[in-house]
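Quick notes on the structure that follows.
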Amino acid sequence: MLSEKIQTALNAQINKEIYSSYLYLAMSMYFESEDLSGAASWMRTQVLEEMSHAEKFMNYVNERGGRVFLDAIEKPASSWENPLDAFHGALEHERFISASINDLVALAREEKDYMSDNFLQWFVAEQVEEEASVSEVIRMFKLAGGAGGGLLMIDRELGSRVFTPPSAE
Ligand code: FEO
């Protein structure tokens, strides 16, 4: 059984994961409006990834006999200064999520809920990848100079990303 405190914190994290999905959907729509279909597709993959994170949390809460309460999802931004600015926003958001996961681990240990601590370790590792994959895109933009032919090349590369469900990793 989950403590009330942990259940509340896990529900808050579910909301953050669904918001992440919504934010990346907004970024995908921004890229569509800029005719960057590769970047739009990269973000669509990220949308699925975030929903799979939310599902993993929801399944865990249910498995532990807890209750998931869905809350309102904050409205995301709808436009960015340029494509690089959007990816900077994504990196900033992933760092915020990493900090949130770290706080959850700290709370689980404080509450001596080692099952939740163990469950959360998957997300600790996942956040390393999440931050790294966005940083990699930012590096590509900087190297190719983010405009003209360089931008087209990056867009083609971003379009090759495919979603791998966590259970298949
Ligand atoms: Fe679910 Fe991108 O962290």
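The values are calculated or read from the model by the stated rules, or taken from the named source; none is laboratory data. All values reported here derive from a predicted model rather than from experimental measurement. A quick note on method: Cβ atoms are made from the backbone with ideal geometry, for glycine too, and the neighbour counts reach across all protein chains shown. Surface accessibility is based on the protein's heavy atoms, side chains included, excluding ligands, DNA and RNA. Shrake-Rupley method; radii C 1.70, N 1.55, O 1.52, S 1.80 Å.
Being in a helix (DSSP H, G or I) and open to solvent by less than 40 Å² (accessible area, probe 1.4 Å) is the filter here; which residues of the range 145-169 pass it?
Passing the criteria: GLY150, LEU151, ILE154, ASP155, LEU158, PRO166.
Looking at the range 26-33, is at least one residue surrounded by fewer than 18 Cβ atoms within 10 Å (Cβ to Cβ) and under 20 Å from VAL128 (Cβ atoms)?
No, there is no match, as no residue in the range 26-33 is surrounded by fewer than 18 Cβ atoms within 10 Å (Cβ to Cβ) and under 20 Å from VAL128 (Cβ atoms).
Can you find even one residue in the range 55-76 that is open to solvent by less than 20 Å² (accessible area, probe 1.4 Å), within 13 Å of the ligand (Cβ to nearest atom), in a helix (DSSP H, G or I) and in contact (Cβ under 8 Å) with a residue 12 or more places away in the chain?
Checked against the condition, which is being open to solvent by less than 20 Å² (accessible area, probe 1.4 Å), within 13 Å of the ligand (Cβ to nearest atom), in a helix (DSSP H, G or I) and in contact (Cβ under 8 Å) with a residue 12 or more places away in the chain, the range 55-76 yields at least one hit.
Among (1) away from the ligand (no atom under 13 Å from the Cβ); (2) open to solvent by 20 Å² or more (accessible area, probe 1.4 Å); (3) without any contact (Cβ under 8 Å) to a residue 24 or more places away in the chain, there is one condition GLU129 misses while meeting the rest; what is its number?
All conditions pass for GLU129, except number (1).
Any idea which of (1) within 16 Å of the ligand (Cβ to nearest atom); (2) at pLDDT below 95; (3) over 16 Å from the mean Cα position of the chain (by Cα) is the one ASP103 doesn't satisfy?
The single condition ASP103 does not satisfy is (2).
Against the condition surrounded by 18 or more Cβ atoms within 10 Å (Cβ to Cβ) and of a type outside the set (Lys, Arg), how does VAL134 come out, does it pass?
When the stated conditions are applied, VAL134 passes them.
Spot the failing condition for TYR19; the list is (1) within 11 Å of the ligand (Cβ to nearest atom); (2) closer than 22 Å to SER160 by Cβ, and only one is missed.
Looking at each condition in turn, TYR19 falls short on (2).
Do we have any residue at all in the range 110-123 that's within 12 Å of the ligand (Cβ to nearest atom), closer than 25 Å to ARG139 by Cα, assigned to a helix (DSSP H, G or I) and modelled with pLDDT of 95 or more?
Yes, that holds for at least one residue.
Could you please find all residues in the range 21-53 being closer than 12 Å to PRO83 by Cα and within 11 Å of the chain's Cα centre (by Cα)?
Across the range 21-53, the qualifying residue is only MET43.
From the list TYR30, TYR19, exactly one residue is under 30 Å from ASP117 (Cα atoms) and hydroxyl-bearing (Ser, Thr, Tyr). Which is it?
Result of the check over TYR30, TYR19: TYR19.
Which residue pairs have Cβ atoms closer than 7 Å, lie 6 or more positions apart in sequence or on different chains, and pair a first residue in the range 90-117 that is open to solvent by 100 Å² or more (accessible area, probe 1.4 Å) with a second residue that is part of a helix (DSSP H, G or I) and more than 16 Å from the ligand (Cβ to nearest atom)?
Going by the 7 Å Cβ cut-off, the qualifying pairs are ARG109/ASP117.
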